[in-house]
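The values are calculated or read from the model by the stated rules, or taken from the named source; none is laboratory data. Values in this document were obtained by computation on a predicted structure and should not be read as measured data. Every residue, glycine as well, gets a Cβ built from its backbone with ideal geometry; the counts of neighbours run over all protein chains shown.
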Amino acid sequence: MDQVDILLFGRITYELIQVIGLTAIADDPVIEIKMNEPIRIVFSKTLEKVKWKNVILIYNNIKKK
């Protein structure tokens, strides 16, 4: 993930990765850096808030954006 700038997720994948990421972060500070550096863009019709930093949530007018 050294060359990753942006990660794109749908809601379900984002929620799964968030849980995995938070667990990994607790175990390894290097993974914390790798998981938190890239900007993450999440597309969802139902999710209205995100808890993770560096996340851009696109939840309305997805077709227009």
Please work out which residue is modelled with the lowest pLDDT, limiting yourself to region 24-50 and to residues that are out of contact with any strand residue (DSSP E or B) (no Cβ under 9 Å at 6 or more places or on another chain) and either exposed (fewer than 11 other Cβ atoms within 10 Å of the Cβ) or not in a helix (DSSP H, G or I) (or both). 26
Would you say residue 63 is at pLDDT 75 or above, surrounded by fewer than 16 Cβ atoms within 10 Å (Cβ to Cβ) and part of a loop (DSSP other than H, G, I, E, B)? no
Just one of the numbered conditions (1) at pLDDT 90 or above; (2) in contact with a helix residue (DSSP H, G or I) (Cβ under 6 Å, 6 or more places away or on another chain) is not true of residue 1; which one? (1)
